[in-house]
Amino acid sequence: MSEPMKSSKTGHVLEIRDVAVHFGGRGGLLGKSGPVVKAVNGVDLDIARGETVALVGESGCGKSTLSNAIVGLQAPISGSVRISGDEVVGASRRELNDIRRKVQMIFQDPALSLDPRSTVGATIGEPLIVRGVAKGKALKERVATLLQQVGLRPEHADRYPHQFSGGQRQRVVIARALALEPDLLICDEPVSALDVSVRAQILNLLVALQKRTGVSYLFVSHDLGVVRHICDRVVVMYLGRFVEMADRDTFFANPKHPYTKALMSAVPEADPEVQRAKQRFILSGELPSPSNIPSGCAFHTRCPLATEICSRERPELTPRADGARVACHHA
Amino acid sequence: MSTAVLALSQRLRRVPLSVIVVSVIFLVIVLLAIFAPWVAPADPNRQNLLGRLKPPGFEMRGITYWLGTDDLGRDLLSRTLYGAGVSLSVAVLSVVVSSLVGVTLGMIAGWFRGEIEILIMRLVDIMMSIPAILLAVLTVAVLGPGFLKLVLVLGLTRWPRYTRVAYAQTLQVANLPFIKASELAGAGAARILFHHILPNIAGPVLIVATAEFGLMILMEAGLSFLGLGIQPPASSWGSIMSVGRQYIERAWWIVAFPGACLFLLVFSVNVLGDWLRDQLDPRSRTR
């Protein structure tokens, strides 16, 4: 449905250009410089209005760092992040505060993303209060509406987070994120801390809210089953770089990068017959440290297809016949 | 009306007996301290040199000295009652001053980090490496003795413990996602510190405060003993005990009664503090 490769600047709620985020490197113990952790290493990404893009990768690949950079909680060392046209990188505190009206975040663990000492109503109303959007009776009504939008009842506003289940808490978190009617919602593993039984409910809620409000999602996850359910487009990240980018159907029908194939083969199939017949694509070794990224293609140390060129030259993301873009010499 | 009474009795039933008992003790001490001028049987400063160091129950010229007399023949019961007010108000005020200063500095160090953090925490290290009593003695020696100065001295020398606790707790809480969410919501530093971090670090701070409360009474006693605190003839529990210490072999009651009151007060404050901390936690408030 979406056209990810379209270069048009209009209609994109998120435009990332060559963003790199590094940590450490200076001010180590006794003035020695510590190792530089290259968490994100030059990535480009556009997200259209109403689109859902999944960011997939194993832990430590830079997904969360990239999400933090997008909302301005983590300053990139280079590159540009635009949200509905406004530049985040280098923005002043005030500018950043304005931009954050348009981008909000949902966190992994709903138990930790709500202040245990604030009522749910106070939590949802906070963005409205601090920005002077609503107060008094109007605030109360707005909070009630938001609660209803996420499937809770207005009288829940006076309760504390511990009085809710995990799924209900995540609904509260979603309501807070939607309070300012953002253009982009970054969902950082929004269902991985939830019981399997309530995951689908939360995912369906996200889909329904998107239909109603036209919000875009950047869906950070390592669960390909969830990704398949909700996303228009998938981006695979490995050690701070994108290695594959494709529309959902293309992605799942024909994964190309060996890393993607390995991720796919790790997803269990419901049907044991299929599971047994499935060709397993198992990686050897651990994820290398982001402070010591392998030369050439960062994946060559674990790649079954690796040849000599892979350790010398870093493959760029190149378009393939079916529209996917892959960074691999051999795929 | 009757439903309100019922609701109250139901809430009271959930309060543990120990808490009810110490609340009563605490309230009695506070009320006696407030109404000392009306409750005290005698003028706490009237000397009776013929009736010095007499034991509890001693009677002379139609006056009964229920708790005995001190080294100048003054009624120990009256002095203890009057002293309660002084001890209590010094302790309460100095805990308020030191916790306000300490917690604010601790939260600032833990939230802003960087140079301000180094500055505050090194200052804490310095303050904590100087014996508190020495610091207090020095300050009083410069400022001179007096009730308000005593409060200020205690308040401004005892803040580092609060800072340490508030700092460590702030570091922990500041990394939680709900703080990140507040930042994204557009909340400023003041709102995050006082709206989200303070309520979440209040428990440990309250524990420190109740422990410090007892310590403040003892510090006041020590300073009064050195002649740097409450000036005679006014009395505080500390000053009564300091004087009584010299006569402990002949007149145990001078130390024993204010000491027992001190013990009861500090003990009840500690128990109440524990209970209050649990009550402040909404997770334990409802079933």
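So here's what we get for this one:
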| quantity | calculated |
| --- | --- |
| Looking only at the range B:225-247, and only at residues there that are outside any helix (DSSP H, G or I) and more than 12 Å from residue B:70 (Cβ to Cβ), the one that is nearest to the chain's Cα centre (by Cα) | B:236 |
| Filter result for the condition that a residue is within 14 Å of another protein chain (Cβ to nearest Cβ), within 21 Å of residue A:207 (Cα to Cα) and touching a residue at least 12 places away in the same chain (Cβ under 8 Å), over A:172, A:150 | A:172 |
| Residue match in the range B:138-157 (condition: of a type in the set (D, E, K, R) and in contact with a Pro (Cβ under 9 Å, 6 or more places away or on another chain)) | no |
| Condition met for residue B:277 (within 14 Å of chain A (Cβ to nearest Cβ), within 19 Å of the chain's Cα centre (by Cα) and not aliphatic (A, V, I, L, M)) | yes |
| Pairs, first facing chain A (nearest Cβ under 10 Å) in the range B:182-205, second of a type in the set (Ser, Thr, Tyr) and assigned to a loop (DSSP other than H, G, I, E, B), C-beta under 8 Å, six or more apart | B:195/A:118; B:196/A:118; B:199/A:118 |
| Unique residue being under 16 Å from residue B:105 (Cα atoms), small (Gly, Ala, Ser) and either touching a Ser or Thr at 6+ places or on another chain (Cβ under 6 Å) or modelled with pLDDT under 95 (or both) when the list is B:202, B:166 | B:202 |
| Out of A:236, A:220, A:243, sole residue that is β-branched (Val, Ile, Thr), at pLDDT 90 or above and under 26 Å from residue A:115 (Cα atoms) | A:220 |
| Identity of the residue in the range B:165-181, within 23 Å of residue B:275 (Cα to Cα) and surrounded by fewer than 23 Cβ atoms within 10 Å (Cβ to Cβ), that ends up nearest to the other protein chains (Cβ to nearest Cβ) | B:173 |
| Selected residue (criterion: surrounded by the fewest Cβ atoms within 10 Å (Cβ to Cβ)) from residues of the range B:242-264 that are of a type in the set (A, V, I, L, M) and out of contact with any helix residue (DSSP H, G or I) (no Cβ under 6 Å at 6 or more places or on another chain) | B:260 |
| Flag for residue A:51 being at pLDDT 90 or above and either surrounded by fewer than 17 Cβ atoms within 10 Å (Cβ to Cβ) or closer than 26 Å to residue B:179 by Cα (or both) | no |
| Residues within the range A:96-144 that are among the hydrophobic types (A, V, I, L, M, F, W, C), in contact with a helix residue (DSSP H, G or I) (Cβ under 8 Å, 6 or more places away or on another chain), farther than 15 Å from residue B:179 by Cα and part of a helix (DSSP H, G or I), tallied | 5 |
| Residue check for residue B:147: touching a helix residue (DSSP H, G or I) at 6+ places or on another chain (Cβ under 6 Å) and more than 14 Å from every other protein chain (Cβ to nearest Cβ) | no |
| Residue in the range B:57-76 that is buried (at least 21 other Cβ atoms within 10 Å of the Cβ), touching a Leu at 6+ places or on another chain (Cβ under 8 Å), touching a residue at least 60 places away in the same chain (Cβ under 8 Å) and not in a loop (DSSP other than H, G, I, E, B) present | yes |
| Conditions (1) at pLDDT 85 or above; (2) within 22 Å of the chain's Cα centre (by Cα); (3) of a type outside the set (Val, Ile, Thr); number of the one not met by residue B:178 | (2) |
| Of residues in the range A:123-147 being among the small types (Gly, Ala, Ser) and free of Cβ contacts under 8 Å to residues at least 12 places away in the same chain, the one nearest to the other protein chains (Cβ to nearest Cβ) | A:132 |
| Residues of the range B:49-100 that turn out to be of a type in the set (A, V, I, L, M) and either within 30 Å of residue B:202 (Cα to Cα) or in contact with a Pro (Cβ under 7 Å, 6 or more places away or on another chain) (or both), as a count | 13 |
| Selected residue (criterion: surrounded by the most Cβ atoms within 10 Å (Cβ to Cβ)) from residues of the range A:145-190 that are assigned to a helix (DSSP H, G or I) and of a type in the set (S, T, N, Q) | A:170 |
| Considering residues of the range A:175-213 that are β-branched (Val, Ile, Thr) and either in contact with a strand residue (DSSP E or B) (Cβ under 9 Å, 6 or more places away or on another chain) or over 17 Å from residue A:151 (Cα atoms) (or both) only, the residue modelled with the lowest pLDDT | A:196 |
| Residue list for the range A:227-250, restricted to those being among the hydrophobic types (A, V, I, L, M, F, W, C) and closer than 15 Å to residue A:186 by Cα | A:227, A:230, A:231, A:234, A:235 |
| Which numbered condition residue B:204 fails, given (1) surrounded by fewer than 20 Cβ atoms within 10 Å (Cβ to Cβ); (2) over 27 Å from residue B:131 (Cβ atoms) | (2) |
| Index of the failed condition, residue B:124 passing every other in (1) in a helix (DSSP H, G or I); (2) in contact with a helix residue (DSSP H, G or I) (Cβ under 9 Å, 6 or more places away or on another chain); (3) within 28 Å of residue A:111 (Cα to Cα) | (3) |
| Meets criteria (in a helix (DSSP H, G or I), modelled with pLDDT under 85 and hydrophobic (A, V, I, L, M, F, W, C)) for residue B:211 | yes |
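Yes or no, residue by residue, for (1) within 12 Å of chain B (Cβ to nearest Cβ); (2) of a type outside the set (Gly, Ala, Ser); (3) in contact with a Leu (Cβ under 9 Å, 6 or more places away or on another chain); (4) touching a residue at least 40 places away in the same chain (Cβ under 8 Å):
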| site | (1), (2), (3), (4) |
| --- | --- |
| A:63 | no, yes, yes, yes |
| A:71 | yes, yes, yes, yes |
| A:102 | yes, yes, yes, yes |
| A:112 | yes, yes, yes, no |
| A:120 | yes, yes, yes, yes |
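The values are calculated or read from the model by the stated rules, or taken from the named source; none is laboratory data. No experiment lies behind these values; they were computed from the predicted model shown. With ideal geometry, Cβ positions are generated from the backbone for all residues, glycine too; neighbour counts draw on all protein chains shown.
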